[in-house]
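**Student:** Take this structure first; my questions come after.
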Amino acid sequence: MPEVKSVTKYIFVTGGVTSSLGKGIISASLAKLLQARGYTATIQKLDPYINIDPGTLNPYEHGECYVTEDGAETDLDLGHYERFLNVPTSQANNVTTGRIYQSVIEKERRGDYLGETVQVIPHITDEIKHCIKLLGEDNKYDFVITEIGGTVGDIESLPYVEAIRQLRWELGNRCVVVHLTLVPYLSAAKELKTKPTQHSVKTMQEYGVQPDILVCRTEKPLNEGIKNKIALFCNVSPAAVIESIDTDSIYRVPLLMREEKLDLQVLKKTNMSANCLPELEKWEEFIERLQNPERTVKIALVGKYVELMDAYKSIIESLIHAGTSNRCKVDLKMIHSEHIEKGNIENLLEGVSGILVAPGFGERGIEGKITAISYARIRRIPFLGICLGMQCATIEFARNVLSLSKAHSTEMLPDTPHPIIDIMEEQKKINLKGGTMRLGAYACNLKEDSKVYKIYGKEKISERHRHRYEFNNKYLEIFEKNGMISSGKNPETNLVEIMEIPAHPWFVGVQFHPEYKSTVARPHPLFVNFVKAAIEFNNGNN
Ligand code: GLN
């Protein structure tokens, strides 16, 4: 354990050459290594787009929108931070250019800058610096890692790089810049190429920032010659050229970074003690289980963004955590809800031992989701419905068990005669779309003897939300009389948070998003139990 509390150090992670090099995973892995040495670290993502937050973005644009405890709609990288560190993040961990400008413009209108011309430098850069330093206030963390979204050289990222330049000047060796670049392999020449890295570092230098550490993403190992060459051209020591080789699991990256001594380089450059060795036994144990599954189980994920794995990132990761904890590989079958019909469902779901219906918004693909749920209910296949998935499960039940054939959600059919799912009372007067849903953590009380009560092992839970519509309590009695019960409710508002069918082996719909809370250290009990039920179903069918 580090002995004395030190002043906060700031680590900036920038990216060059291309996007998608995995800055989020590198940041999370570095934080994990520092945490494993007993340091406290938090990670922040600065996104250079104008949206105030990604809540209004289509998942095709930016992947999943990740929701924090305090109800912030944030970038999916925050999900990685939480999954790796097992520490909750908050609104302060994700800032966009839109939010920066909004704050500066509000200050201007208030008169905070009276007499001054408000400009990118210093006003916008000051606001950026303020957001970075906010996390370091009171030296609460030993390290604040700030990941800058986008690629260096983009017009949008310029004010961020400028803010880094200024902070380095102000804070000296309390700052370290880690630059992530690509070292491509040209198969025709059978060679790794360093030129893109050289150019990318030159771009940083033009802006007045010399990276301290280069993390080089590569598909082939970097030999000493290549490392020396990069070091020579880019003004860093060879030890500060870190190889980041492609790997089959993001969870191996902290171990790879430990081998490459990324954490040691950071500690050295910030004058922090490296006496405490990283304790990663639990993590290694997780990797061991992940890589040596004893069985495989096929689970279908039904949604409408299945072409894009990032759209359901937290669900997919939660299933990996749950599989690992069951010593099982989850073979995920992504099924596009728009492709599902009564005639092909049997084929599409062949060999599937669990069906998860995803969250979502709008009409598209709803009937396919309902058909998949019918199939799960009647064939007694384990079913987990999340948010819209839970809402569809109640619509399916109303139509096919309660014979309310026109039952629907008013989100899809505003004048349905049977609004099983309806807009929440306090949502009715809201017209603005940004940040106005029921968001973040809410309490839920579980019904004794229910399946979820047994799964969670307690009565009071708290889970994160992101929705406007809700189960219509007028229908609860008739649902419960006919076999679908509400096993979780919000204690203050009585809103239904969980529906389950006790007579079914495993049929649970949740209005909240358990996937936001599953981490490597704490796989979520609902997912763990769902995968366990899928394994049992699979065993029963063999
Ligand atoms: N569209 C539904 C609602 O707003 C479900 C939202 C979700 O799945 N996140 O209530």
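**Student:** With the structure loaded, tell me whether E137 is at pLDDT below 95 and of a type outside the set (S, T, N, Q) or whether it fails that test.
**Tutor:** yes
**Student:** Also: From the residues in region 487-542 that are aromatic (F, W, Y) and not in a loop (DSSP other than H, G, I, E, B), which one is farthest from I250 (Cα to Cα)?
**Tutor:** The selected residue is F507.
**Student:** Return the residues of region 85-134 that are assigned to a helix (DSSP H, G or I), of a type outside the set (G, A, S) and closer than 30 Å to P278 by Cα; say none if nothing qualifies.
**Tutor:** Matches in region 85-134: L85, Q91, N93, C131, I132, K133, L134.
**Student:** T296 fails exactly one of the following numbered conditions: (1) more than 19 Å from the chain's Cα centre (by Cα); (2) β-branched (V, I, T); (3) buried (at least 21 other Cβ atoms within 10 Å of the Cβ). What is the number of that condition?
**Tutor:** With (1) more than 19 Å from the chain's Cα centre (by Cα); (2) β-branched (V, I, T); (3) buried (at least 21 other Cβ atoms within 10 Å of the Cβ) applied to T296, the lone miss is (3).
**Student:** Also, I was wondering about something else. Could you pull out the residue among E425, E350, E363 that is without any contact (Cβ under 8 Å) to a residue 40 or more places away in the chain and either within 16 Å of the ligand (Cβ to nearest atom) or closer than 27 Å to S90 by Cα (or both)?
**Tutor:** Unique residue meeting the criteria: E425.
**Student:** Next question, about the same structure. Does I420 satisfy the condition of being within 13 Å of the ligand (Cβ to nearest atom), among the β-branched types (V, I, T) and not in a helix (DSSP H, G or I)?
**Tutor:** The answer is yes for I420.
**Student:** In region 237-273, how many are open to solvent by less than 40 Å² (accessible area, probe 1.4 Å) and either in contact with a Pro (Cβ under 6 Å, 6 or more places away or on another chain) or assigned to a loop (DSSP other than H, G, I, E, B) (or both)?
**Tutor:** Final tally of qualifying residues: 4.
**Student:** Of the residues E170, E162, E137, only one is outside any strand (DSSP E or B), touching a Ser or Thr at 6+ places or on another chain (Cβ under 6 Å) and surrounded by fewer than 21 Cβ atoms within 10 Å (Cβ to Cβ); which?
**Tutor:** Exactly one of E170, E162, E137 is outside any strand (DSSP E or B), touching a Ser or Thr at 6+ places or on another chain (Cβ under 6 Å) and surrounded by fewer than 21 Cβ atoms within 10 Å (Cβ to Cβ), namely E162.
**Student:** If a residue has to be surrounded by fewer than 22 Cβ atoms within 10 Å (Cβ to Cβ) and closer than 19 Å to H467 by Cα to count, how many in region 340-358 make the cut?
**Tutor:** Counting residues in region 340-358 that are surrounded by fewer than 22 Cβ atoms within 10 Å (Cβ to Cβ) and closer than 19 Å to H467 by Cα gives 0.
**Student:** When region 173-191 is examined, which residues are found to be in a loop (DSSP other than H, G, I, E, B) and free of Cβ contacts under 8 Å to residues at least 12 places away in the same chain?
**Tutor:** S187, A188, A189, K190
**Student:** Quick one: how many residues across region 414-423 are surrounded by fewer than 17 Cβ atoms within 10 Å (Cβ to Cβ) and within 17 Å of F361 (Cβ to Cβ)?
**Tutor:** 1
**Student:** Collect the residues in region 445-475 that are more than 16 Å from the ligand (Cβ to nearest atom) and open to solvent by less than 20 Å² (accessible area, probe 1.4 Å), keeping them in residue-number order.
**Tutor:** L446, S450, V452, I461
**Student:** Determine whether region 518-540 contains at least one residue that is more than 30 Å from L290 (Cα to Cα) and within 16 Å of the ligand (Cβ to nearest atom).
**Tutor:** No, region 518-540 contains no residue that is more than 30 Å from L290 (Cα to Cα) and within 16 Å of the ligand (Cβ to nearest atom).
**Student:** Write out, first by first residue and then by second, each pair whose Cβ atoms fall under 6 Å of each other, whose residues are 6+ apart or on separate chains, and whose first residue, in region 192-206, is assigned to a helix (DSSP H, G or I) while the second is aromatic (F, W, Y).
**Tutor:** Q198/F233
The values are calculated or read from the model by the stated rules, or taken from the named source; none is laboratory data. Bear in mind that the values here come from a model prediction, so they are computed numbers and not experimental data. No Cβ is skipped: glycine too gets one built from the backbone with ideal geometry, and neighbour counts run over all protein chains shown. Only protein heavy atoms, including side chains, enter the accessible area calculation; ligands, DNA and RNA are left aside. Shrake-Rupley method; radii C 1.70, N 1.55, O 1.52, S 1.80 Å.
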